[in-house]
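The values are calculated or read from the model by the stated rules, or taken from the named source; none is laboratory data. Just so we're clear, the structure is a prediction, and the values are computed from it rather than from any experiment. Positions of Cβ are backbone-derived with ideal geometry, glycine not excepted, and every protein chain shown enters the neighbour counts. What goes into the accessible areas is simple: the full protein's heavy atoms, side chains included, and nothing from ligands, DNA or RNA. Shrake-Rupley method; radii C 1.70, N 1.55, O 1.52, S 1.80 Å.
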Amino acid sequence: MILAILQARMSSTRLPGKVLKPILGRPMLCWQIDRIRRSRTIERLVVATSQETSDDPIQAFCDANQVFCYRGALHDVLGRFHGAAQMFGPAEHVIRLTGDCPLIDWTIIDAAVDLQRRAKSDLAGNGIERTYPDGLDVEVVAFSALERAHREATDASAREHVTHYIYRHPETFRLAHLTQEPDLGALRWTVDTPADFEMVEKVFKGLAKRNNNFIQQDVLDFLEGHPEIVAINAP
């Protein structure tokens, strides 16, 4: 089975509660889940949040929208991710997604799954050799690699960042990098600050009011005609 785990929490430092901030009357997380579910490879989706009371609204959102939810430690994100994979598995492949990427393109998710299968890698992703916009991030991890990382990773950084242990040990894990041409890695489509949210909100207002099935190229075309939107959160 291919299981997608979407990490989400309310306690963002620079933009608290961002995952449930409304866009066109719907929480940002709702837009993202709708986009993820368009994937042709994902068989089950679960939101992984923390056990902190601050994340009770995410549990309530999942309950109201019939979305699987798993709750674990706030800072041991690797443990939380592994726990979600165990509870909602068994899964041969686990897709890691994060709640700050509402513009996620499901065709890129499927491309990462295809790469991981073809390369027979322990992990395939587009976040290290970045040629996709920041905000279209996806990683596909073999459950066996995830389990080993969970068992062996001990330092705080490796526990807080799910795949750091895997990337740090290329002698142990087989890695595959999803890249594209042209290189669009300098573009910022993630949501971490109020300016990021404003930029993404304008993209949704321009594209999703018709249909939430737009992909990377549609966003590029839209932004080409609206350089003032790109400027909102430009580095």
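Tabulated data for the structure shown
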read-out: Relative contact order of the stretch 147-218, pairs being alpha-carbon contacts under 8 Å that are 6 or more residues apart, as %; value: 12 percent
read-out: Accessible surface ranking that places the most exposed of Ser12, Ser157 first, with a 1.4 angstrom probe; value: Ser157, Ser12
read-out: Ala231-Asp183 FRET efficiency (beta carbon distance; Förster radius 25 Å; 0.05 resolution); value: 0.75
read-out: 9 Å beta-carbon shell around Gly127, net charge (K/R +1, D/E -1); value: -3
read-out: Trypsin sites (Lys or Arg not before Pro) within the stretch 126-235: DSSP coil, no more than 13 neighbouring Cβ in 10 Å; value: Lys209, Arg210
read-out: Selection from Gly17, Leu97, Gly83 lying farthest towards where the dipole of the chain points positive, charges on Cβ; value: Gly83
read-out: Nearest-0.05 FRET efficiency for Ser157 and Ser11, computed from C-beta distance (R0 22 Å); value: 0.75
read-out: Area of Cys30 that stays accessible when all protein chains are in place (1.4 Å probe, Å², to 10); value: 20 Å²
read-out: Residue-averaged 222 nm ellipticity for the chain, from DSSP H runs of 4+ at -39500 (n - 2.57), nearest 500; value: -11000 deg cm²/dmol
read-out: Rel. contact order, % - alpha carbon contacts under 8 angstrom, at least six apart, the chain; value: 21 percent
read-out: Separation of alpha-carbon centers, the stretch 109-128 and the stretch 141-163, rounded to whole Å; value: 17 Å
read-out: Relative contact order (%) - criterion: Cα under 8 Å, at least six apart; region: the stretch 36-159; value: 25 percent
read-out: Rounded to 10°, Cα long-axis angle of helix 106-119 versus longest principal axis of the chain; value: 30 degrees
read-out: Electrostatic dipole magnitude of the stretch 93-235 [Cβ: Lys, Arg +1; Asp, Glu -1; Cα centre; debye, to 20]; value: 460 debye
read-out: Residues of the chain: accessible area per residue with a 1.4 Å probe, Å²; value: 45 Å²
read-out: Anchor Lys21: aspartates and glutamates whose Cα lies under 14 Å away (excluding residues fewer than 8 positions away in-chain); value: Asp55, Asp100, Asp192, Asp196, Glu198, Glu201
